[in-house]
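To start, the structure under review is shown below, and the notes come after it.
The values are calculated or read from the model by the stated rules, or taken from the named source; none is laboratory data. None of these values were measured; they are calculated from a predicted model. Here the Cβ is made from the backbone with ideal geometry for all residues, glycine too, and neighbour counts use every protein chain on show.
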Amino acid sequence: MSFRKFVDKRWAAATGAASVAATAAALLTLAAPGTSAAAAGLGGVAESSGRYVGTAVDPNRYTDGSYGTILDTEFNSVTAENAMKWDALQPSRGQYNWAQADRIMQRAEATGQMVRGHTLVWHSQTPSWVQNLSATELRQVMVDHITTVMTRYKGRIAHWDVVNEAFNDDGSRRQSFWQQKLGDSYIADAFRAARAADPSAKLYINDYSTDAINAKSTAIYNLVRQFKQQGVPIDGVGFQAHLIINQVPGDFRQNLQRFADLGVDVAITELDIRMQTPSDAQKLATQKADYQKSFAACWAVTRCKGVTIWGITDKFSWIPDVFPGQGAALVWNESYQKKPAYDGAVAGMGGTTPTTTTTTTTTDDGPPPGDGCTATYRIVNQWGGGFQAEVRVTADGPISGWAVSWTFTGGERISQIWNATASGTSGAITARNVSYNGNLGAGASTTFGFVGSGAPGTPTATCSAA
Ligand code: G3I
C-alpha cells in the first residue's frame, strides 16, 4: 500500500472532511515555514513551531454566530474563561458541578486542542463557604479541591494555573483569605497537591501586571527561584497580559527570558489589548502592532509555550464591565470580522501572508488500516536540507492513547517534535501521545508534527491504539 498525501486543512478530519479528501485528486497547499495562517488558523501557525495559540471559552456561546467555527478552526488550545473556577466547580462543599467544564473538554478533545486549566486557588470567584472556613479546614479543603478537580481531568489538561494572582503590585503577598489564614506556605502546598494529583500536568503560577520587569514580576521570579531551590514542584509562569494599546512593555521578552532562565516554561495566558471605544482605523493599527509585539516577545523565547487570547470576539469580553468606556481588545470584532490584530499576531509568530505553491496530489487506496486508529503522514513543507511533517491520528472508536510507527529509509532525522514523544530520531520511529492528546472519541483526530533534516521520504505510518 503506497503513501497518500491529501488535503488536510487543519481540523478537517474532525468534521469528516478528510474522508471527502480521500476520494478525489486534491490540492496540497505548501507555505513558507510556519506561515499557513489561511489554511490552519492561528493555532496552525503556532503549531509549526511547536507552540499554541489558545482562547478563553464560554460554552454558552458555542452557538452564537461564528463563535464555534472560529473556536474550532483558529486555535489549538483552549482555557475555560470561568467554567473551571472554584465557584463554577464546587459551589457548595462537596457538591461538584462538572457540566460546563466537561463540555469544554469534550469539544476540545474532539477538535484535538490542548486544554489549559484555569484556575485552582484564587481569591476571586471562590464561594463564601470556602472563605469562612477555619485555617485547618481551609488547608484541607484546598488540597481536596485540587485533588478532585485534577484527578477528574488527569492526563487531559496539559497546563494548570494552580495559583492565580497571589501578589500585589508592590511585590508583597496579596492579603487574600488564603494568605491571611494559611500564611506564605499555601502556595507551595497547592503546588505539591497539584503534582500529586496529576504528575503529567505542567503546573503554573499566573498573574497580571507582571509582563514587564517590575516589583510584582520580580517577587514571582524570587518565589520561583526559591521553589526550584527547595524542590517545590513548579513548571511554568503565566503572564496574563491584559494590556492597553501603546503600552506593551518594551522589556516583555527580556522578562519572559529571565524566568525561562530559571528553568521554567513561560506562557502568555490571557492576552487582550484594550483601547478607548469606539475603535477607529488608527487605534486598530496600533493594536495590530501591539499584538505583533506581544506574540514576538513569546516567540523570541524558546521556553515560551504559547499565547492564549482572552476570548474570541469583542462581543463577549470582560473589559467593558470592569473598565467602562474601554474594550475592542480582541482579534475578532463584535460581528466576528477579523481585525488587523489578526495579521499582527501572525506576523509576531514570524508568519507572513502565505505564499502558496500548489501541487496536485495522487489518490490511491488510502492510508494503511490501523489497530484502533489511523495515521496519515504528510510533508507540509520542505527546504534545502530539511522538512516539516505532520501526522494526523484519527481514532476508529474511543481510545485513551496511541502510538504511530514508521521507518525513515533515506537518512532523515527528527530534530524537533511537538504534540508527541518519539522513541528516537532516525530509522524506525515510534511516536506516542503526550498527556493532553491521547484521549480521542470515535472519529476524532489530533495531529503531531516534527521538523526533520535530510530529504523527506514517503514512509508508511501505522497507528496502534493503547
Ligand atoms: O454566572 C453569573 C450569572 O449567574 C449572573 O447572572 C451574571 C450576572 O452578572 O454573572 C455571572 O457571573 C459572571 C461570570 O463572569 C460568568 O459570566 C460574573 O458576574 C463576572 O464577574 C465574571 O467575570 C469574569 C471575571 O474573570 C471574574 O473575575 C470574566 O468573565 C472573566 O473573563 C475574568 O477572567 C479573569 C481571569 O479569570 C483571571 N485574570 C483576570 C481575568 C479578567 O478579569
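Couple of notes before you dig in:
- Unique match (being in contact with a helix residue (DSSP H, G or I) (Cβ under 6 Å, 6 or more places away or on another chain) and within 16 Å of the ligand (Cβ to nearest atom)) among 303, 274: 274
- Residues within the range 68-105 that are within 16 Å of residue 310 (Cβ to Cβ), crowded, with 19+ Cβ neighbours inside 10 Å and either acidic (Asp, Glu) or within 15 Å of the ligand (Cβ to nearest atom) (or both), tallied: 9
- Residue check for residue 236: closer than 30 Å to residue 433 by Cβ and at pLDDT 95 or above: yes
- Subset of the range 50-66 (residues that are surrounded by fewer than 22 Cβ atoms within 10 Å (Cβ to Cβ) and modelled with pLDDT of 95 or more): 58, 59, 60, 61, 62, 63, 64, 65, 66
- Of all residues in the range 111-138, those satisfying the criterion of being out of contact with any helix residue (DSSP H, G or I) (no Cβ under 6 Å at 6 or more places or on another chain) and either basic (Lys, Arg) or in a helix (DSSP H, G or I) (or both) are 116, 128, 129, 130, 136, 137.
- Filter result for residue 195 (in the same structural domain as residue 83 (by TED's automatic domain parsing), within 29 Å of residue 445 (Cα to Cα) and part of a helix (DSSP H, G or I)): yes
- The range 194-212, residues that are more than 12 Å from the ligand (Cβ to nearest atom) and of a type in the set (Val, Ile, Thr): 205
- Long-range neighbours under 8 Å by Cβ, at least six apart or interchain, first residue more than 14 Å from residue 54 (Cα to Cα) within the range 93-117, second in a helix (DSSP H, G or I) and among the aromatic types (Phe, Trp, Tyr): 93/129
- Sole exception among (1) away from the ligand (no atom under 16 Å from the Cβ); (2) closer than 24 Å to residue 86 by Cα for residue 226, by number: (2)
Each row is one residue, and each column tells you yes or no for (1) more than 18 Å from residue 155 (Cα to Cα); (2) crowded, with 17+ Cβ neighbours inside 10 Å; (3) under 19 Å from the mean Cα position of the chain (by Cα); (4) basic (Lys, Arg).
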| position | (1), (2), (3), (4) |
| --- | --- |
| 398 | no, no, no, no |
| 402 | no, yes, no, no |
| 411 | yes, no, no, no |
| 430 | yes, no, no, no |
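- Selection status of residue 211, buried (at least 16 other Cβ atoms within 10 Å of the Cβ), in the same structural domain as residue 80 (by TED's automatic domain parsing), touching a Pro at 6+ places or on another chain (Cβ under 6 Å) and within 27 Å of residue 256 (Cα to Cα): yes
- Filtered residue count, the range 425-463, keeping only those that are part of a loop (DSSP other than H, G, I, E, B) and either in the same structural domain as residue 48 (by TED's automatic domain parsing) or polar (S, T, N, Q) (or both): 8
- The condition (being surrounded by fewer than 22 Cβ atoms within 10 Å (Cβ to Cβ), closer than 18 Å to residue 90 by Cβ and away from the ligand (no atom under 16 Å from the Cβ)) is satisfied by just one residue among 139, 173: 139.
- For the range 233-247, the set of residues classified as over 13 Å from residue 208 (Cα atoms) and either of a type in the set (Asp, Glu) or crowded, with 18+ Cβ neighbours inside 10 Å (or both) consists of 234, 235, 236, 245, listed by residue number.
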